[in-house]
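What follows is a set of notes on a single structure, which appears directly below.
The values are calculated or read from the model by the stated rules, or taken from the named source; none is laboratory data. Keep in mind that this is a model prediction, so the values were computed, not measured. Glycine also receives a Cβ, built like all others from the backbone with ideal geometry; neighbour counts cover every protein chain displayed.
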Amino acid sequence: MRQSIRVAMIIQGYLPRLGGAERQLAALAPLLHAQGVEVHVLTRRYAGLSPFEVIGGVPVHRLPVLGPKRVASATFTLSALPLLRRLRPHLIHAHELLSPTTTAVAAKRLLGVPVAAKVLRGGTWGDIAKLKRNALSARRITTLLRQVDVFIAISHEIEHELAEINVPPERRVFIPNGVDTQRFAPLPLEGKRALRARLGLPLEAPLVLVAGRLAPEKRVGQLIELWPVVRQSHPTTQLVILGSGEEEAALKRAAGAGIQFVGYQDDVAPYLQAADVFVLPSATEGLSNALLEALAAGLPVIATSVGGAPDVIEHNVHGCLVPPDQPPALQAAMIHLLHDAEGRARLGQRGRERMLHDYTLPVIAGRLRELYGQLTSAPSLNRALTTARSRSA
């Protein structure tokens, strides 16, 4: 029987706040627990949330953040250190290279435990790009290179960025996000119609869905701008926008005919099951959970070739890839796919097969559990990481 491992997960936000990283950790935690991993989540305490609660069997410790950005980060770290001393984790897993990893590195110096740092996003708005823009970037990157035992990349784009800041291959492990392929599964036609009726969506019109935070880098505004041209080709088609965020009010003002906002939803699965096409027009991503969920639900997907999308999708095999920030290419792909019912069915089927083969949550939890075991028990870290890398390739 494998020895139990206590892992402190440090993340900016956690349930009931929902973002991609939060949802991914919440989905993996029970699977890790079943494999002998005792998970404790350390996160920021936002207004209205209690300092401590157990969610889905996972202890969630919410720590205070006070003042402006740098002060808030420091107060979080100072609150986390005595808690981590009491918890005595075997391993600290930081989710994001910024404040969570800063706290993890400080705790490593205090407790002497290994640190794994997951890079959440690549590209212009990614973790490493943000580090480089910081006034103390060279010093912070040097500290990470010295103190972080393994960097977890969720896309090959991120793995390349890690190589560019001189993280050696034996300390880079590729472990993508996972998806619940049972919850996110296709429905037969009658089930889809019944679901649309329940959700208040058009029963017969083709539905194109975009889901996620309504933030500038998601480029939902571009999608709204080109939508009238798509509607000229397909007059009954509806664009359904699922999510909320800083751009929500402006996007609603810009929206014209054939666009429906459904706001933030705790459960996105029914909307994916009710839709006909999924679009991800982002300028930057890590590995989008919404993308994985859409593929698992059997939806034909059009995504920009950023972040982990090219890792998951072979163009015109598992979905369609278009260049970022090129609205004409996105528009042409949507018009073409809406005309091609046979192509939609083929892409949807192959996309789901891709998820079933490589991206199920149990597979990803197993890779993490194996990495944790090696980090906490192997006599040689380099040998452990080389093994982990070969098995996660």
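A few notes on this one:
- Of everything listed in (1) surrounded by 11 or more Cβ atoms within 10 Å (Cβ to Cβ); (2) not charged (D, E, K, R); (3) not in a strand (DSSP E or B), the single unmet condition for residue 60 is (3).
- Qualifying residue in region 32-47 (condition: farther than 23 Å from residue 364 by Cβ, outside the structural domain of residue 214 (by TED's automatic domain parsing), surrounded by fewer than 12 Cβ atoms within 10 Å (Cβ to Cβ) and aliphatic (A, V, I, L, M)): yes
- Within region 74-112, considering residues that are within 26 Å of the chain's Cα centre (by Cα) and in a loop (DSSP other than H, G, I, E, B), the one nearest to residue 25 (Cα to Cα): 96
- In region 264-291, the residues that are surrounded by fewer than 19 Cβ atoms within 10 Å (Cβ to Cβ), outside any helix (DSSP H, G or I) and touching a helix residue (DSSP H, G or I) at 6+ places or on another chain (Cβ under 8 Å): 265, 283
- Cβ-Cβ distances below 7 Å connect the following pairs, each with a first residue in region 251-279 that is farther than 23 Å from residue 185 by Cα, a second residue that is in a helix (DSSP H, G or I) and β-branched (Val, Ile, Thr), and a separation of six or more residues or different chains: 251/220; 251/224; 254/224; 255/224; 259/224.
- Residues in region 113-143 that are modelled with pLDDT of 95 or more and under 24 Å from residue 85 (Cα atoms): 6 in all.
- The set of residues in region 289-335 being over 19 Å from residue 126 (Cα atoms), in contact with a strand residue (DSSP E or B) (Cβ under 8 Å, 6 or more places away or on another chain) and not hydrophobic (A, V, I, L, M, F, W, C) consists of 293, 300, 315, 318, 319.
- Selection of region 299-308 for residues being surrounded by 24 or more Cβ atoms within 10 Å (Cβ to Cβ) and part of a loop (DSSP other than H, G, I, E, B) yields 299, 300, 306, 307, 308.
- Search result, residues across region 244-263 that are more than 17 Å from the chain's Cα centre (by Cα) and part of a loop (DSSP other than H, G, I, E, B): 246, 247, 255, 256, 257, 258
- Residue check, residue 373 of a type outside the set (Ser, Thr, Tyr), outside the structural domain of residue 292 (by TED's automatic domain parsing) and surrounded by 14 or more Cβ atoms within 10 Å (Cβ to Cβ): yes
- In region 244-257, residue surrounded by the fewest Cβ atoms within 10 Å (Cβ to Cβ) [restricted to those that are farther than 12 Å from residue 223 by Cα and touching a strand residue (DSSP E or B) at 6+ places or on another chain (Cβ under 8 Å)]: 252
- Qualifying residue in region 19-28 (condition: under 24 Å from residue 106 (Cβ atoms), at pLDDT below 95 and acidic (Asp, Glu)): yes
- Residue in region 337-344 that is under 20 Å from residue 241 (Cβ atoms) and under 21 Å from the mean Cα position of the chain (by Cα) present: no
- Look at (1) surrounded by fewer than 20 Cβ atoms within 10 Å (Cβ to Cβ); (2) among the hydrophobic types (A, V, I, L, M, F, W, C); (3) in contact with a helix residue (DSSP H, G or I) (Cβ under 6 Å, 6 or more places away or on another chain) and you find that residue 333 fails only one, number (3).
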